[in-house]
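Please treat every number below as a calculation from the coordinates, not as lab data. Not measured: the values here are computed from a predicted model. Because the Cβ atoms are built from the backbone with ideal geometry, glycine has one as well, and the counts that use them run over all protein chains shown.
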Amino acid sequence: MLFEGGGSPMSDPNQRIVITGIGLTSPNGNSLAEFRANLLAGKSGVSNYEIRYIGETLAGVCNFDPLRYQKRKDVRRGTRAGSIAIYCANEAVQQSGLSWPDVPKNRVGVFIGITEHGNVETENEIFEISKFNYDTSVWSHHHNPRTVANSPAGEVTLSLGITGPHLCIGAACAAGNAGFIQGLQMLRLGEVDLAIAGGVSESIHTFGIFAGFKSQGALATNPEPTRASRPFDLDRNGIVVAEGGGLLTLERLPDALRRGARIYGEIVGHAMNSDATDFVLPDPTRQAECMRLALQRAGIGPESIDLVSSHATATEQGDIEESQAIHSVFGDRMSLAINNTKSFIGHAMGAAGALELLGNLPAFDDHFAHATINLDQPDPRCALPQIVANTPRKMDRVEYILNNSFGMLGINSAVIVKRYSGDQEE
Amino acid sequence: MSADQIRQVIMKILCRIAPDNDLTALKDEVPFREQMELDSMDFLDIVMELRKLYRVQIPEEDYGFLNTMASTVQYLIPKLQTATA
């Protein structure tokens, strides 16, 4: 083990990893500023949506302009996940203030969490050959490059001329956090000097995910789309599927300081573990262990956390289990705020953990915990008195944010980000 | 299908696979690749589109006939004789 107890090597500045750029697209915002403003204003991004075989349903749909960073041909050649990743990566790099032509591209890595990839293209091709009596000779030669699991990250390297490592991390709905963690680890190992890391999702373009959740009794319905995603509420009836992406530029602290970068926060703790109990049902004991391990690695206790960004997806069981896990770690301390971003945008799958952390980072500056909307009747089985319901809460201080992200097959993740306060830290 | 009609079909396919290129001045005797951004995957798109639209099978050994607009049209005339535009 590199560090005693698996703890964070905070004494070595080169092991300290900071956030220096943020690029995102969400159903309610195509930049951090727009996303944050809508989170504070209580503006949902869920809308009516129609997809093959399913018909009318609900989804969180992004409206970023892919042609901002891609040619029409590149959009046609690639995938929706690739377009999302390219948009987010370019935005993050621009925002980072890096002089991109001067960045050694062989020292840049791209690490993107995905819940799934390839379903969209496979469904499209099967639909296409169905018009030709299932003649596989009309199956597209683009299918394989579009569906290989590294595809969204690879598209980013093509867009930005990056020649360092790239990969996608398959981690169900813990993928956003998993992307951040992979980036952090590659920087700490010295494998790269700049990591573009986070998560993306194109899942609203596969009917299978809607059909699967519907068959599972876990697809949200509501006559008012913006009221459909209702984590922790008694009337919740399932998940609203969303697309989106959130990517960061991560750097070692000394590198960021040397170039005078704006620092949005420092990733001081992280953890991933597995339930090993069920394909679908979560295990609050392991979720709590995951949060505790992240705290241990950050070298802090639960009393230091000011804001918990919850994973809750508005399923019957999942919300209850996570509530138990959070309560077992944090108790009833009322100075803690707990919120939920899915209530605004639905479940952005591979991008969920990324967007949920990014939308909360401005709390370091504005000292607000954004709300959990659509929480009209809190479920007493989700007994978390600290949930910020329907209107943002002004905080006395925001020094540490803990971001939960959990997924199927019992994959759990937690990331802790600390406010960076400049000279006092150096 | 006439030679002019075949040319129009090819132009429509090229517009789809190279949407960033201005093809109004495309020269029929000059290789496609010298006039527009076309790689091997794009080239296979031409073959695939013709297969889907007209069930034309173009064997790999004949790909060389698809070098220019003029050679492509000439190659396709007998294959699309009975097809309608």
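Is at least one residue of the stretch A:126-140 surrounded by 14 or more Cβ atoms within 10 Å (Cβ to Cβ), away from chain B (no Cβ under 14 Å) and small (Gly, Ala, Ser)?
Checked the stretch A:126-140: no residue is surrounded by 14 or more Cβ atoms within 10 Å (Cβ to Cβ), away from chain B (no Cβ under 14 Å) and small (Gly, Ala, Ser).
Quick check on the stretch A:182-232: of everything there that is more than 18 Å from the chain's Cα centre (by Cα) and among the charged types (D, E, K, R), which residue is surrounded by the fewest Cβ atoms within 10 Å (Cβ to Cβ)?
A:GLU224
Kindly state which helices (runs of 4 or more DSSP H) lie completely within the stretch B:1-68 and contain at least 1 residues that are more than 28 Å from A:SER130 (Cβ to Cβ). Outline the logic, then answer.
Numbers: elements: B:3-17, B:32-35, B:40-54.
In the stretch B:1-68, the matching helices (runs of 4 or more DSSP H) lie at B:3-17, B:32-35.
Tell me whether the stretch A:83-105 contains one or more residues that are in contact (Cβ under 8 Å) with a residue 40 or more places away in the chain, part of a loop (DSSP other than H, G, I, E, B) and closer than 30 Å to A:ARG227 by Cβ.
No, the conditions are met nowhere in the stretch A:83-105.
Can you name every residue in the stretch A:50-78 that is in contact (Cβ under 8 Å) with a residue 40 or more places away in the chain and surrounded by fewer than 23 Cβ atoms within 10 Å (Cβ to Cβ)?
A:ILE51, A:ARG52, A:TYR53, A:ILE54, A:THR57, A:VAL61, A:TYR69, A:GLN70, A:ASP74, A:ARG77
Mind listing whichever residues of the stretch B:26-51 are surrounded by fewer than 16 Cβ atoms within 10 Å (Cβ to Cβ) and either among the acidic types (Asp, Glu) or within 14 Å of B:LYS79 (Cα to Cα) (or both)?
Result: B:ASP28, B:GLU29, B:GLU34, B:GLU37, B:ASP39.
If you go through the stretch A:398-417 one residue at a time, do you hit one that is more than 22 Å from the chain's Cα centre (by Cα) and not in a loop (DSSP other than H, G, I, E, B)?
Among the residues of the stretch A:398-417, not one is more than 22 Å from the chain's Cα centre (by Cα) and not in a loop (DSSP other than H, G, I, E, B), which makes the answer no.
One residue is enough: does the stretch A:80-102 have a residue meeting the conditions crowded, with 20+ Cβ neighbours inside 10 Å, more than 14 Å from every other protein chain (Cβ to nearest Cβ) and closer than 30 Å to B:GLN57 by Cα?
Taking every residue of the stretch A:80-102 in turn, none turns out to be crowded, with 20+ Cβ neighbours inside 10 Å, more than 14 Å from every other protein chain (Cβ to nearest Cβ) and closer than 30 Å to B:GLN57 by Cα.
Which one is nearest to B:THR82 (Cα to Cα) among residues in the stretch B:1-16 that are within 14 Å of chain A (Cβ to nearest Cβ) and within 11 Å of the chain's Cα centre (by Cα)?
So the residue we want is B:ILE13.
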